[in-house]
Structure formats: C-alpha cells, structure tokens
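Peer 1: Shown below is the structure under consideration.
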Amino acid sequence: MKNTITLLFLFTISISFAQSSTKKADKLFDRMWYKEASVLYELELNKIERKDKEFTDSNDSTYVRLLKRAGDSYFFNTDMKNAYVWYDKLISNFYPNVDSEYIFRYAHALEGTGKYREAKRWMKEFSKRTIDSDDRSVLLDQKLLTVEDVLDIQPGFILKNLSTNTKYSDFGPMYYKDQLVYSSAVDSSNYHTRIYHWNEQPFLNMYLGKINTIGSDVKLIDEFSKNLNTRYHEATLAFSPDETKIYFTRNNYNGSLHRDDKGTNHLKLYSAELRKDEDSLPTWQNVKELPFNSEDYSVGHPTVSSDGKLLYFVSDMPGSIGGTDIFVVDILDEKTNSKIQDSTYTGYSKPRNLGETINTEGREMFPYITDNALYFASDGHLGLGGLDVYESRIIDSNFQKPVNLGAPLNSELDDFGFIINEEKNKGFVCSNRLTGKGDDDIYSFVRLPKEDVLCEQLVRGYVSNVITGERIANVKMTLFSSDGKELESTTTDIAGAYKFNSVLDCATKFNVVAAKTGHETKEKPVLTLNENGETVVALGLETLNELIVEEQGVLKIKIGIIYFDLDKSFIRNDASIELNKIVLLMAQYPEMVIKIESHTDARNSDSYNLSLSDRRAKSTRDYIVGQGINASRISSAEGFGESQLINHCKNGVKCSESEHQLNRRSEFIIVKM
C-alpha cells in the first residue's frame with residue numbers, strides 16, 4: 001500500500017507541474033515538506049548518476065547541492081538510514097570542500113545506523129575543523145568522553161511501549177492530576193483528515209489518557225480539550241502548580257494560518273485558564289498568546305517550575321546559541337511586574353538564555369524541570385545518535401554539566417519528551433526508535449534505584465601554582481568522604497598529577513585536600529559525575545608568603561640580591577635591609593628552619609672563590625642570628641664558590657657583568673616549616 005501511494009504521488013507530481021523537478025523540490029523543502037521533497041531530489045540525482053557514474057569534479061555544484069538537500073530531507077525527518085546514503089556520497093566524493101555542519105550530520109547519520117566506530121572518527125574530524133568556531137567541538141572531540149563511554153553507561157531504566165500508541169506520532173506527555181495529557185497525530189473526528197507535509201501525517205492534537213495503577217501504561221479517554229484543539233498542531237504543554245492554567249504549543253494560528261516573509265509558519269506558546277460557567281463542566285478558556293512570541297521565530301515546549309515562578313521553553317529567537325536553545329522567563333504577578341522596570345512583557349520578564357552549559361550550537365529541546373534537575377533533549381552534546389536525553393543536576397541554583405542518561409533510555413535515533421516523578425522513579429519518554437509501533441511513540445519507564453545500577457567513579461587530577469601555573473610535585477593529596485572520613489592519601493608525581501585508587505559511587509559528594517610544606521592547604525568539595533568514568537579535580541596552591549617560592553620542587557625564600565664589597569664578606573647596610581625580610585619571615589613562622597648557600601662567579605681561582613663564598617654564607621648566618629633568630633634554626637651556612645654556576649660563564653668564557661651577576665647569589669632554602 002505504501003509503495004502504491006508513492007507511485008500515485010509521483011505520477012501526480014510529474015504531470016501537474018511544468019517547472020523542473022529541482023525547483024519543485026526546493027519549494028517543497030523550503031516549506032518543510034520533506035517527504036515529498038526527498039522523492040524529487042532522488043529523481044534528479046538518479047538522472048545525474050545514470051549519465052555519469054564517476055564523479056571526479058569537485059566543482060560540480062549542482063550535484064553537491066542535490067546530495068546535501070536529499071540528505072537533509074531525510075535527516076530532518078530522522079530517517080537516518082536514507083540520510084546516510086546521500087551524506088555518504090557527499091563526504092566520499094567531495095570531503096575537502098564539504099561544510100563542517102555536514103560532517104556533523106554525517107556523524108549523526110552513522111550513529112543512527114549503528115556505525116559508532118565510524119561516527120567517532122567523523123566527530124573527531126568535526127571537532128578538529130571547528131575547534132575555534134563551534135562550542136560542539138569540545139563536546140564531541142572524544143578526549144574526556146567518547147562514544148564508547150556513552151555506550152558503556154550502565155542501564156538505568158526499564159522501558160515499556162504504551163498500548164495507546166498509534167502508527168502516527170504520539171509524544172509530548174505531561175502529568176495532569178492522576179492522568180496523562182499527550183499529543184497525537186491520530187485522526188480526529190472534529191475535522192476531515194488534514195496532512196502535515198513534513199512527515200505526511202495528520203496534524204497533532206492533545207489527548208487525555210488514564211495511567212494504570214503501577215504507572216506502566218495509559219488508556220485513551222478522549223480529546224483533552226475541544227476548545228484548545230484546532231485544525232493545525234497543538235502539542236507539548238505544561239501546567240501551573242495548581243493546574244488551573246495551561247501553557248501549550250500551537251502553530252501560529254488564530255482563525256487563519258500566519259507565515260513570515262519566507263513563508264514559514266512558526267510555533268507559538270499560548271496560555272489558557274480553567275473556568276467553570278454556571279451549570280457546566282470546567283473548560284479551558286481565555287486562550288492568549290504569550291507576549292514574547294514572534295512572527296519571525298518559533299517558541300514552544302514549555303515546562304513550569306514547581307513553585308510556578310519560572311517558565312522554561314525552547315526557541316530560535318535572537319540570542320540563541322544554536323539551532324534551538326532553552327530559555328527561561330519569570331512568571332510575574334501584577335505587583336512584581338510593576339516593580340521590574342525593564343520588563344517588556346506584561347506578566348513575564350525578558351527571556352534569558354540558559355547559557356553554554358546547557359545550550360550548544362546544535363538543538364536543545366523538550367525541557368522538563370524538577371526541583372533537582374533539568375532534563376532535556378539535545379543533538380549537540382555527545383550522544384548515541386539523533387536527540388538524546390540529558391540530565392543537568394541543580395546545585396546552589398546552578399545547572400551542572402549535562403549527563404547522558406544512556407541506553408536503553410536513549411537510542412540511535414531521536415529520544416526526547418522525558419518527564420519523571422522523582423519520588424516514585426517513574427515517568428515517560430518519547431522515541432522514534434525502529435522497534436516502536438509508529439513514528440514517535442511514548443514509553444513508560446522505571447528508573448532503577450541508584451543501588452541497583454553499577455555506576456563507579458575514580459578521582460584523579462593535578463596540582464599547580466595559582467600564580468605561575470607550574471605543576472607542583474610531592475603534594476600530599478587526601479580524599480575524604482562527605483562526613484569527614486579519610487578514605488585514601490597519595491602524593492603528586494613529578495608532573496604534579498595524582499590519582500586515587502578508591503572506587504566511589506557516581507553523583508557522590510567528597511572532599512579533596514592538598515597539603516605541602518610552605519603552601520596554604522587547599523580543600524575542594526567535589527561531586528562525582530553521574531556516569532561511569534573519572535572525575536578530574538584540579539587544585540591550585542599558593543605559598544604561605546609572597547617571599548616563599550618553589551623552584552624545581554625546592555622551597556626557597558626569595559629576597560633582593562645580597563651585595564658584598566669586592567673581596568669582602570661583611571654585611572652592608574643595603575644587604576641588611578633584605579636580610580631583615582628573612583628575619584621577619586622566620587619570626588612569623590617559628591618552626592621554620594633554613595640553610596644558607598652562597599655562590600660566586602668564575603672570576604678568580606677556584607680555591608679563593610670557595611673560601612670567599614663560605615665566609616659570606618657564615619657572615620649572613622651570623623647577621624640573622626644577631627637579630628634574634630635561634631642559631632639552631634639555621635641548619636647550615638655553606639659556600640660553594642663557582643662549583644654551581646647557573647649559566648655558561650665558567651673559566652675562560654667571556655661574559656657580561658650582568659651574566660656574572662647571576663652566578664653571584666645567596667640562596668635561602670627552607671628545610672622545615
């Protein structure tokens with residue numbers, strides 16, 4: 001039957017238009033009638049390929065454009081099997097000149113057909129090309145997180161396809177009282193069947209279903225509201241906490257369909273109120289557009305915070321980072337609205353983009369907010385293919401790095417529309433995976449308790465100087481549980497790196513403490529990632545005093561140059577000023593023990609320089625002791641003459657005075673703090 005319909009459709013098109021198939025296909029594509037467009041693009045491509053079976057001319061712009069359009073027609077309809085066919089020809093024949101975005105789409109098409117190894121290669125290639133221009137580059141570069149890591153996430157969900165799903169699109173579930181409201185393209189009795197040409201299905205309306213006692217299935221009751229359903233799309237909705245106000249997505253339709261200058265009919269957000277007239281049942285009335293809608297961009301996919309103060313939604317409005325972003329507005333009462341002087345919209349603040357932690361240059365869609373986390377779908381973060389569902393935990397009102405929820409919740413195709421009752425660990429999610437009944441299906445799920453999901457984390461990191469950035473070796477690193485119990489200790493290696501062997505649970509709070517002589521102890525609270533792998537904890541240490549520095553792992557007191565008169569060893573007035581800094585520092589840290597080393601340049605004989613440097617070292621020690629520092633706190637005062645030159649200025653080598661000066665030095669090395 002499907003093939004028959006396709007043949008009839010092709011025959012009708014072939015005799016009803018006089019213009020070229022490509023122009024007709026472009027018109028269909030621009031109107032987002034992707035299924036019809038894909039058929040015409042394939043016809044044109046087949047004509048070209050029959051004429052010339054080898055394509056060696058990378059400037060064949062017509063052929064390249066048709067390959068892109070054919071691939072896009074399937075990609076935007078999530079038909080990754082057919083998208084792969086055309087993207088593969090595009091990449092294989094014209095790779096050097098292909099836009100980076102098509103490498104991104106090709107990688108997703110590979111994932112969508114289960115070719116994860118190849119997808120990884122092309123994700124890395126995309127990242128290499130776009131490292132300075134696209135924030136998805138870091139997310140997809142396969143360095144800290146790889147496709148294999150996502151595939152290896154321990155299964156945390158049990159899914160069940162709902163019996164109410166149809167052969168069409170069923171998605172956008174939302175809790176309403178003890179029932180479920182969702183959107184479906186199943187034919188409605190209100191209107192004759194009207195086809196949405198993006199996917200050749202009837203338009204979406206909202207329906208009400210009864211959830212069974214264990215939350216695993218839904219039975220259709222009726223249309224949710226005849227007042228809200230129209231001839232066009234209604235989908236994805238949210239309710240105020242008291243369920244007397246609804247926010248829902250609809251085509252730009254108010255008795256007639258409105259389009260922008262390019263002919264695009266955008267989505268808009270609407271609200272309605274639950275009212276009860278005399279002698280009648282409650283109905284949804286007073287349908288209003290939200291004030292930040294526009295004829296020029298889409299707004300949709302609402303979700304409301306539990307306190308009713310924040311409305312999150314999706315849009316491609318100006319200020320978006322990618323294709324679609326998640327935004328938020330404050331829901332204002334009249335009193336609050338009057339106090340906010342920069343509020344352009346009655347009842348709402350200005351929309352705010354959630355920023356680059358959540359949004360990418362790809363698509364972020366279908367948000368669902370709880371008190372603990374934001375759940376959303378994205379194709380910009382690393383995933384298994386198409387849209388994947390991610391969880392961003394909320395800590396101190398800040399969204400944390402999103403975590404892929406893994407298979408089986410996510411698949412190689414689109415997974416989205418996630419909602420959850422976190423107390424019961426039950427909810428619903430949508431997917432167009434191939435094992436479903438129709439296009440998009442709704443699945444119930446049980447989220448396995450944390451103790452039933454093996455999710456483990458190791459902790460590693462590095463320590464560096466906060467000022468110089470130099471890595472610090474021999475730092476004692478200690479791992480503590482959140483209740484202060486010491487779990488393990490280790491030390492940083494020569495590169496300043498460390499790694500604990502203790503295996504921790506995912507999403508667990510702990511503390512890492514870094515301590516080293518001469519440095520301020522640093523403690524850092526950390527939350528392990530919510531996925532198998534490693535949590536990287538970097539720490540920066542500061543020395544206890546600006547005079548204390550670390551050079552090649554050795555703590556020293558750094559003061560100005562100690563000058564001596566020629567061939568003399570007594571302490572001059574200018575030298576005493578610098579040495580007094582050491583006296584004050586040692587008084588500040590009464591446990592500090594130092595040793596003094598004095599050096600000369602290479603001029604004069606070796607024996608003379610050794611004797612002179614030793615006299616100067618001991619003269620320096622005597623001065624410090626004379627200022628009240630106990631002699632036992634200076635473990636040694638020794639001269640090394642010219643035996644430890646720090647540059648090339650040895651005997652017989654001509655050097656400038658400044659180069660010789662580098663070798664004439666006194667060093668104050670901290671032995672103990």
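Peer 1: Give the peptides 242-250, 630-638 in descending order of average Cβ contacts within 10 Å, highest first.
Peer 2: Most protected by this proxy first, the peptides run 242-250, 630-638.
Peer 1: Divide by every residue of the chain the summed helix terms, -39500 (n - 2.57) for each DSSP H run of at least 4, and state the resulting mean residue ellipticity at 222 nm, rounded to the nearest 500 deg cm²/dmol.
Peer 2: -7500 deg cm²/dmol
Peer 1: Another one. Which FRET efficiency, nearest 0.05, do ASP135 and ASN647 yield, Cβ-Cβ r, R0 35 Å?
Peer 2: Step by step, r from the Cβ atoms, then E = 0.15.
Peer 1: Which FRET efficiency value, to the nearest 0.05, do you get for SER656 and LYS581 by plugging their Cβ-Cβ distance into 1/(1 + (r/R0)^6) with R0 = 22 Å?
Peer 2: 0.20
Peer 1: Under 11 Å from the 7 Å Cα→Cβ point of GLU542, by amide nitrogen: which residues of the stretch 461-481?
Peer 2: Taking a point 7 Å out along Cα→Cβ of GLU542, the residues of the stretch 461-481 whose backbone N falls under 11 Å are 466-467.
Peer 1: Moving to a separate point now. Determine the share of the chain's accessible area contributed by carbon and sulfur atoms, expressed in whole percent, with a 1.4 angstrom probe.
Peer 2: Here carbon and sulfur together make up 50 percent of the probe-accessible area.
Peer 1: Identify unpaired cysteines across the chain, taking unpaired to mean no other cysteine Cβ lies under 4.7 Å from the residue's Cβ.
Peer 2: Isolated Cys, the chain: CYS430.
Peer 1: Further question: Could you give the dipole magnitude of the chain about its Cα centre, charging the beta-carbon of Lys and Arg +1 and that of Asp and Glu -1, in debye to the nearest 20?
Peer 2: 660
Peer 1: I would also like to ask the following. I'd like the antiparallel share, as a percent to the nearest 5, of DSSP beta bridges with both residues in the chain.
Peer 2: 90
Peer 1: Something else now. If you count, for each residue, the other Cβ atoms within 10 Å and average over each peptide, how do 22-29, 572-579 line up from highest to lowest?
Peer 2: In decreasing order of mean packing, 22-29, 572-579 become 22-29, 572-579.
Peer 1: Excluding TRP86 itself, what net charge comes from residues whose Cβ is under 9 Å from its Cβ, given Lys and Arg +1 and Asp and Glu -1?
Peer 2: 0
Peer 1: Then there is this: Give me the net charge for the shell around SER163: Cβ to Cβ below 14 angstrom, other residues only, Lys and Arg +1, Asp and Glu -1.
Peer 2: Neighbourhood net charge equals +2.
Peer 1: Now for a separate question. Starting from the Cα of ASP30, step 7 Å along the direction of its Cβ; do the same at SER294; then give the gap between the two resulting points in nm.
Peer 2: It is 2.1 nm.
Peer 1: Quick one: Karplus J couplings for the stretch 168-180, per residue in order, coefficients 6.51, -1.76, 1.60, θ = phi - 60°, nearest Hz, x for Gly and Pro?
Peer 2: Result, ordered by residue: 9, 7, 10, 6, x, x, 8, 5, 9, 6, 9, 10, 10 Hz.
Peer 1: On to the next question. Cα centroids of the stretch 107-157 and the stretch 601-673: how far apart, whole angstrom?
Peer 2: 58
Peer 1: Shifting gears a bit: In nanometres, what is the gap between the two model label sites at ARG572 and GLN285, each 7 Å from Cα along Cα-to-Cβ?
Peer 2: For the pair ARG572/GLN285, the computed spacing is 9.7 nm.
Peer 1: Can you work out the PRE-style zone for ASP505? Point 7 Å along Cα to Cβ, and I want the residues of the stretch 517-540 with backbone N under 14 Å.
Peer 2: Backbone N within reach: 528-531.
Peer 1: Find out how many positive minus negative residues lie around PRO351, taking Lys and Arg as positive, Asp and Glu as negative, among other residues whose Cβ is under 11 Å from that of PRO351.
Peer 2: Residues close to PRO351 contribute a combined charge of 0.
Peer 1: Oh, and also: Averaging sequence separations of C-alpha pairs under 8 Å and six or more residues apart, then dividing by the length of the chain, give the relative contact order as a whole percent.
Peer 2: Averaging sequence separation for qualifying contacts and normalising by length gives 8 percent for the chain.
Peer 1: Looking at the chain, do any whole DSSP H helices span at least 15 angstrom along their long axis by alpha carbon and average -0.5 or above on Kyte-Doolittle, and which?
Peer 2: Taking the DSSP H segments of the chain (at least 15 Å long, mean hydropathy at least -0.5), we get 2-16, 61-75, 80-94, 100-112, 573-588.
Peer 1: Collect residues whose amide H, placed 1.01 Å from N in the peptide plane, falls under 5 Å from the amide H of TYR348; neighbours closer than 5 in sequence don't count.
Peer 2: Counting only residues 5 or more places away or on other chains, the set is LEU332.
Peer 1: To continue, here is another question. Taking R0 as 41 Å, what's the FRET efficiency between LYS160 and LYS128 from their Cβ-Cβ distance, rounded to 0.05?
Peer 2: For R0 = 41 Å, the calculated efficiency reads 0.50.
The values are calculated or read from the model by the stated rules, or taken from the named source; none is laboratory data. Because the structure is a prediction, the values reported are computed rather than measured. Every residue, glycine among them, receives a Cβ derived from its backbone with ideal geometry; neighbour counts consider all protein chains shown. Quick note on the areas: whole protein, heavy atoms, side chains included, nothing else; ligands and nucleic acids left out. Shrake-Rupley method; radii C 1.70, N 1.55, O 1.52, S 1.80 Å.
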